[in-house]
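Working notes, structure below.
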Amino acid sequence: MMDKLHRYIQKLRRLVEIERQAEINAMREEMQRLSGLERERLGRAILNLNGKVIGQEFGYKLVKYGRAKPFKTEISVGDLILISKENPLKSDLVGVVTEKGSRFLVVALESVPRWALKNVRIDLYANDITFRRMLENLENLSESGIRALEFALGLRRPKEPKPVEFEPFDERLNDSQRKAVSLALGSEDLFLIHGPFGTGKTRTLVELILQEAKRGSKVLATAESNVAVDNLVERLFGKARIVRLGHPSRVSKHLKRSTLAFQVENHPKFAEVKKLREDAETLIEQRDKHTKPIPQLRRGLSDEEILRLAKNGKSARGLSVEKIRSMAKWIELNRRIQELIDDAKTIEEEIAKDIIEKADVILSTNSSAALDFIRDVEFDVAVIDEATQATIPSILIPIAKAKRFVLAGDHKQLPPTVLSEKAKELSETLFEKLIVKFPQNSKMLEIQYRMNEKLMEFPNREFYGGRLKADESVREITLADLGIAEPSFGDPWDKILDPREPLVFVDTSKCSNKWERQRKGSFSRENPLEAKIVKEMVEKMLKMGVKAEWIGVITPYDDQVDLLRSLLGDVVEVNTVDGYQGREKEVIVISFVRSNRSGDLGFLTDLRRLNTALTRAKRKLICVGDAETLNSHESYRRFLEFIKAEGQFVIVCSSQAPS
């Protein structure tokens, strides 16, 4: 038994190393292969920036980098970035983005070398820290972490949960949400909350966390992304004593009050820390007027020898008495400065410990649960959101710190992104393994509050056994409810854009120019006809009064995203299906891209991607694709049959489609 477990842990470590290397290599290879301008065009670099130190926050220097020419970039708040002069691969100056505008980024840096303020470039950077934390946790796995893996491998069975009566804080919880909370409270080992799209998964978790805090449990609440953690913080703020861990720059601005850094700086004892640091700054100014004893000046003399020579007023090894005295003064002041800094750090750590001890709930990303602040804190329960988007090594970080755990997610939607083919096994999540082995330790949330019933129905039948129901509040919602009038563009647009019709498929199979294509050297695909149809569709919706922020355009392929963005600019948001996971819009337009004579669907056959794509829209979903190609797969065939029966199936041909 132990042998099987040991082999599995070793395998996880190997896979993490492979994936870590793949991420670093992909980033370095791209930096090497592409010019700075090409990387800027892809949104992963910004060139010709000048910086200015604009302040300090939580011990970091804030530098505002800007230029006259606006830039479009994928780099966003919370991202790790690399600052360099010319070749980013020769730099090790890493910072975190705290603010973003069309012509500037504000970056938090530990130190700011002078070269880093004039004519620099900023590159999106791979975060190696996360991988190091996973490996360290796997190397020193706690009893709780080992137990979780024993459950996953079927070497141990968890106890079945017994429902616990509770008085809900949120009166509007539905029956399935209440049952999930009740069983999670009554679980001794583990519990899984299966939350399909729009079923109020986060709301259920917030209730569970508050109930756990009410009964005196110390709760660690985590998620894979900062956005999901912020979501929990927002809903818990003011309802429990909470502390948000992690780099303050990665936290939404209005939630900074919840961070450990903010609470430390506003603690009554922090005045002592401030005073010690101010004293240190004053002494640094004095020290820097004296000669720093660098190796060339020391000529082999130790600190003690320099101090003794100065005391006796002696010169040595070609150094004058004045030079010796100046170096001695530098050493004395430097020692005092170090004492002040160490004292400040000790008090700061005591304050942090006090804040964490008094908190009911500590919140962080899975990775930040490895931070030293909570190294010795034992939690009664770890509550983990987005559990189906986290790899096992990632999710083991919070699990290893708690006596029991509750995972929430939807294994029917997209798994974690894994770059390396050799590490693909990492995309199988702990949630997935456990729900298959121990369904009795799970509860599915059954009422969805996101979308029109017609949009829900196919994914409901195909992926959730028909168990989902649309809440009364969304069952019949359409664009017409938002005041969008009927279009008058003529055929086929009036059928496609009818605001009362939520579900539409635009079939290009009769068009002579329907085919997909591949760019030279690219593994991705694009479809120019579909892109043109989508462009015209979006333009017509905007003319009808549909607001740009209500529309999302999604497609499985990066090259199609690129093509659509070149046609649509910034008018509406265009992204991959993967980039839209966990998101929603009033209207979603999907471009399926694949159109070929062999019926090859490539990675469209990952049905979790189809499920994710179909469940982003609230009031209207318009799919554009070649029905002949899509029909080669049984799930897509059933989807097209469903639309023919329940929605609007519109065949366009060369004369009707945009030219």
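Starting from residues that are over 30 Å from the mean Cα position of the chain (by Cα) and open to solvent by 80 Å² or more (accessible area, probe 1.4 Å), keep the ones in the range 514-527 and report whichever is modelled with the lowest pLDDT. Only one residue tops the list, namely 520. Out of 617, 645, 627, one residue alone is aliphatic (A, V, I, L, M) and closer than 26 Å to residue 411 by Cβ. It is 617.
On the given criteria, is residue 79 surrounded by 13 or more Cβ atoms within 10 Å (Cβ to Cβ), in contact with a Leu (Cβ under 8 Å, 6 or more places away or on another chain), modelled with pLDDT of 85 or more and on the phi < 0 side of the Ramachandran plot? No; evaluated as a whole, the condition is false for this residue.
When residue 425 is tested against (1) over 28 Å from residue 22 (Cα atoms); (2) outside any loop (DSSP other than H, G, I, E, B), only condition (1) is not met. Taken over the range 125-168, the criterion of being outside any helix (DSSP H, G or I) and of a type in the set (Val, Ile, Thr) is satisfied by 164 alone.
Taking helices (runs of 4 or more DSSP H) as the structural unit, those lying wholly within the range 303-418 and holding at least 2 residues that are over 29 Å from residue 23 (Cβ atoms) and touching a strand residue (DSSP E or B) at 6+ places or on another chain (Cβ under 9 Å) correspond to 303-311, 321-358.
For the condition touching a His at 6+ places or on another chain (Cβ under 7 Å) and farther than 23 Å from residue 15 by Cβ, what is the one hit in 206, 96? If you could, list the steps in order and put the result at the bottom.
On the way: 206 fails: touching a His at 6+ places or on another chain (Cβ under 7 Å).
Selected residue: 96, the only one of 206, 96 that is touching a His at 6+ places or on another chain (Cβ under 7 Å) and farther than 23 Å from residue 15 by Cβ.
Selection over the range 92-120 of residues that are open to solvent by 20 Å² or more (accessible area, probe 1.4 Å), hydrophobic (A, V, I, L, M, F, W, C) and touching a Gly at 6+ places or on another chain (Cβ under 7 Å) gives a count of 2.
For the range 17-42, which residues satisfy the criterion of being among the acidic types (Asp, Glu) and touching a residue at least 12 places away in the same chain (Cβ under 8 Å)? Passing the criteria: 17, 19, 23, 30, 40.
Does residue 481 satisfy being under 21 Å from residue 620 (Cα atoms), open to solvent by 80 Å² or more (accessible area, probe 1.4 Å) and in contact (Cβ under 8 Å) with a residue 60 or more places away in the chain? So residue 481 passes the test. Test residue 335 against the criterion of being over 30 Å from residue 244 (Cβ atoms) and modelled with pLDDT of 90 or more, and give yes or no. Spelling it out, residue 335 is indeed over 30 Å from residue 244 (Cβ atoms) and modelled with pLDDT of 90 or more. Residues of the range 126-172 that are open to solvent by 40 Å² or more (accessible area, probe 1.4 Å), more than 13 Å from residue 208 (Cβ to Cβ), among the hydrophobic types (A, V, I, L, M, F, W, C) and within 30 Å of the chain's Cα centre (by Cα): 129, 146.
Being assigned to a helix (DSSP H, G or I), open to solvent by 70 Å² or more (accessible area, probe 1.4 Å) and at negative phi is the requirement here; does residue 41 meet it? When the stated conditions are applied, residue 41 passes them. Note on the range 173-188: among residues that are under 29 Å from the mean Cα position of the chain (by Cα) and assigned to a loop (DSSP other than H, G, I, E, B), the one that is farthest from residue 471 (Cα to Cα) is 187.
The residues in the range 418-456 that are farther than 13 Å from residue 196 by Cβ, of a type in the set (D, E, K, R) and either surrounded by 17 or more Cβ atoms within 10 Å (Cβ to Cβ) or under 25 Å from the mean Cα position of the chain (by Cα) (or both) can be counted, and the count is 9. Taking the range 539-568 as the range and being of a type in the set (A, V, I, L, M, F, W, C), over 27 Å from the mean Cα position of the chain (by Cα) and surrounded by fewer than 22 Cβ atoms within 10 Å (Cβ to Cβ) as the test, the residues that pass are 542, 544, 567.
Residues in the range 557-590 that are farther than 25 Å from residue 449 by Cα and touching a residue at least 40 places away in the same chain (Cβ under 8 Å): 559, 570.
Let me confirm something: among 19, 23, 29, which residue is of a type outside the set (Gly, Ala, Ser), open to solvent by less than 40 Å² (accessible area, probe 1.4 Å) and part of a helix (DSSP H, G or I)?
On the way: 23 fails: open to solvent by less than 40 Å² (accessible area, probe 1.4 Å); 29 fails: open to solvent by less than 40 Å² (accessible area, probe 1.4 Å).
The match here is 19.
Restricting attention to the range 393-409, the residues being open to solvent by 10 Å² or more (accessible area, probe 1.4 Å) and within 17 Å of the chain's Cα centre (by Cα) number 0.
Checking each residue in the range 45-72 for being buried (at least 20 other Cβ atoms within 10 Å of the Cβ) and touching an Asp or Glu at 6+ places or on another chain (Cβ under 8 Å) picks out 45, 46, 60, 71.
One line per residue, one yes/no per condition, for (1) open to solvent by 80 Å² or more (accessible area, probe 1.4 Å); (2) aliphatic (A, V, I, L, M); (3) farther than 20 Å from residue 276 by Cα:
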| residue | (1), (2), (3) |
| --- | --- |
| 311 | yes, no, yes |
| 321 | no, yes, yes |
| 328 | no, yes, yes |
| 338 | yes, no, no |
| 343 | no, no, no |
| 356 | no, yes, yes |
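Look at the range 73-87: where a residue is closer than 20 Å to residue 117 by Cβ, no partner that is open to solvent by 30 Å² or more (accessible area, probe 1.4 Å) and acidic (Asp, Glu) sits 6+ places away or on another chain with Cβ atoms under 6 Å. Could you check the range 521-544 and list, in sequence order, the residues that are over 22 Å from residue 601 (Cβ atoms) and not basic (Lys, Arg)? 521, 536, 537, 538, 539, 541, 542, 544, listed by residue number.
Conditions (1) crowded, with 22+ Cβ neighbours inside 10 Å; (2) in contact with a helix residue (DSSP H, G or I) (Cβ under 6 Å, 6 or more places away or on another chain); (3) more than 30 Å from residue 127 (Cα to Cα), marked per residue:
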position: 194; (1), (2), (3): yes, no, no
position: 214; (1), (2), (3): no, no, yes
position: 217; (1), (2), (3): no, no, yes
position: 227; (1), (2), (3): no, no, no
position: 275; (1), (2), (3): no, no, yes
position: 278; (1), (2), (3): no, no, yes
position: 294; (1), (2), (3): no, no, yes
position: 300; (1), (2), (3): no, no, yes
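Over 26 Å from residue 208 (Cβ atoms), open to solvent by less than 20 Å² (accessible area, probe 1.4 Å) and in a helix (DSSP H, G or I): does that describe residue 89? Before you say what the answer is, go through the steps one by one.
On the way: over 26 Å from residue 208 (Cβ atoms): yes; open to solvent by less than 20 Å² (accessible area, probe 1.4 Å): no; in a helix (DSSP H, G or I): yes.
So residue 89 does not fit the description; no.
I'd like the residue in the range 599-634 that is assigned to a loop (DSSP other than H, G, I, E, B) and within 23 Å of the chain's Cα centre (by Cα) and, out of all such residues, is surrounded by the most Cβ atoms within 10 Å (Cβ to Cβ). Don't jump to the end; show me each part of the working.
To start, the set of residues in the range 599-634 that are assigned to a loop (DSSP other than H, G, I, E, B) comprises 599-601, 606, 615-616, 626, 631-633.
Applying the additional criterion that residues be within 23 Å of the chain's Cα centre (by Cα) yields 606, 615-616.
Numbers: 606: 15, 615: 27, 616: 24.
For the range 599-634, the residue satisfying everything is 615.
Candidates 488, 509: the one that is in a strand (DSSP E or B) and surrounded by fewer than 17 Cβ atoms within 10 Å (Cβ to Cβ) is 509. Within the range 594-640, the set of residues being of a type in the set (Val, Ile, Thr) and in contact (Cβ under 8 Å) with a residue 60 or more places away in the chain comprises 612, 615, 622, 624, 629.
The values are calculated or read from the model by the stated rules, or taken from the named source; none is laboratory data. Remember, it's a predicted structure, so these values are computed and weren't measured experimentally. All Cβ positions, glycine included, derive from the backbone under ideal geometry; neighbour counts span all protein chains shown. Accessible surface is based on the protein model in full, side chains and every heavy atom, while ligands, DNA and RNA are left aside. Shrake-Rupley method; radii C 1.70, N 1.55, O 1.52, S 1.80 Å.
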